[in-house]
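Below you'll find the structure, written out as structure tokens, and then a few comments.
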Amino acid sequence: MSVFGPVVKIHPVVLASISDSYERRNEGASRVIGTLLGTIDKHSIEVTNCFSVPHNESEDEVAVDMEFAKNMYELHKRVSPTEVIIGWYATGFDITEHSVLIHEYYSREATNPIHLTVDTALQSGKMNIRAYVSAQMGVPGKTVGVMFTPLTVKYIHYDTERIGMDLLQRTRLATTRTKGLTSDLSQVGGAAARIQDMLTTVLAYIEDVLSGKVTADNSVGRFLMDLVNKVPTISAEDFENMLNSNINDLLMVTYLSNLTQAQIALNEKLVLEIKMLPVIYLFSLALP
């Protein structure tokens, strides 16, 4: 359930970092918390990075290392100056009384910060991820409370993150739960195979619509028309020549890269041998 408000867009690296922090938590700690970093625009909040913050909590009190959080943010700004504090996260399913106190601190660091909960314990059988924004409630001049209202959460990724996600997906089917990086040509072949599968699905849908098995969807038709109009008009022979030329360029770059790596490794070995020559000479003089 979500209410009117900004859409929270989360990158995979954020979820991976939160899960890693939870796995490395101190003994006896029930949850971990941390700072969310990203960018804000008019209609959305994009969460691109995060870092964990040490804290201790019991049934009666909670203590957060604020100085550590400030130092980490100052160091992070040197690397990514465009990313700002947009809120904080906590592992777990529920919002506790301590969450209200921690949220008050982040309210001083960011305007209307978000609170992200990640169910790393998989209480419902999956990792539920929810985002909230706080709002004051109560009678003016009297005791004022805080109400957390949910926001819509979406998952986005960069192209480089997609490569890592695809690699992680392949580890599910591996018996050793490990998978090595594939070569450039293997990635090209995999991408071509996925495109072919998608084209097969599209052609099957079109044939079902033409035969009357499936009711036509105007939105899908407009999307397909826009897709066809974007395809450049080119003959099969010219396309094959262009593809072969690009493959040759890729092979040349791969060959030069391997050659450079071999040269660097050879140079490092020669430098090490040169540095060891005086030691070997002195050792030979010391022998009877």
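Numerical summary
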| read-out | value |
| --- | --- |
| Options Ile45, Ile40: the member that is hydrophobic (A, V, I, L, M, F, W, C), under 18 Å from Ala131 (Cβ atoms), touching a residue at least 40 places away in the same chain (Cβ under 8 Å) and open to solvent by 90 Å² or more (accessible area, probe 1.4 Å) | Ile40 |
| Meets criteria (hydrophobic (A, V, I, L, M, F, W, C), over 20 Å from the mean Cα position of the chain (by Cα) and open to solvent by 40 Å² or more (accessible area, probe 1.4 Å)) for Ile95 | yes |
| Matching option when the condition is open to solvent by 60 Å² or more (accessible area, probe 1.4 Å), of a type in the set (A, V, I, L, M, F, W, C) and under 26 Å from Ala131 (Cα atoms), among Met198, Met147 | Met147 |
| Failed criterion for Ala191 (all others in (1) under 21 Å from Lys9 (Cα atoms); (2) within 22 Å of the chain's Cα centre (by Cα); (3) at pLDDT 80 or above hold) | (1) |
| Subset of segment 16-38 [farther than 27 Å from Glu59 by Cα and either part of a helix (DSSP H, G or I) or at pLDDT below 90 (or both)] | Ala16 |
| Condition met for Met165 (over 22 Å from the mean Cα position of the chain (by Cα) and of a type in the set (A, V, I, L, M)) | no |
| Qualifying residue in segment 42-55 (condition: assigned to a loop (DSSP other than H, G, I, E, B) and farther than 18 Å from Gly92 by Cβ) | yes |
| Index of the failed condition, Thr254 passing every other in (1) in contact (Cβ under 8 Å) with a residue 12 or more places away in the chain; (2) loosely packed, with under 10 Cβ neighbours inside 10 Å | (2) |
| Filter pass, Gln187 being among the polar types (S, T, N, Q) and in contact (Cβ under 8 Å) with a residue 12 or more places away in the chain | yes |
| Condition broken by Arg78, with the remaining ones in (1) open to solvent by less than 60 Å² (accessible area, probe 1.4 Å); (2) over 26 Å from Thr152 (Cα atoms) satisfied | (1) |
| Residue check for Thr171: surrounded by 10 or more Cβ atoms within 10 Å (Cβ to Cβ), in contact with a Lys or Arg (Cβ under 6 Å, 6 or more places away or on another chain), farther than 30 Å from Met252 by Cβ and not aliphatic (A, V, I, L, M) | yes |
| Matching residues in segment 38-67 - criterion: being under 19 Å from Gly28 (Cβ atoms) and not polar (S, T, N, Q) | Val53, Pro54, His55, Glu57, Glu59, Asp60, Glu61, Val62, Ala63, Val64, Asp65 |
| Members of segment 58-93 that are aromatic (Phe, Trp, Tyr) and not in a helix (DSSP H, G or I) | Trp88, Tyr89, Phe93 |
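The values are calculated or read from the model by the stated rules, or taken from the named source; none is laboratory data. Note that the structure is a prediction, hence the values are computed from the model and not measured. Reconstructed Cβ throughout: ideal geometry from the backbone, glycine too, with neighbour counts over all protein chains shown. Surface accessibility is based on the protein's heavy atoms, side chains included, excluding ligands, DNA and RNA. Shrake-Rupley method; radii C 1.70, N 1.55, O 1.52, S 1.80 Å.
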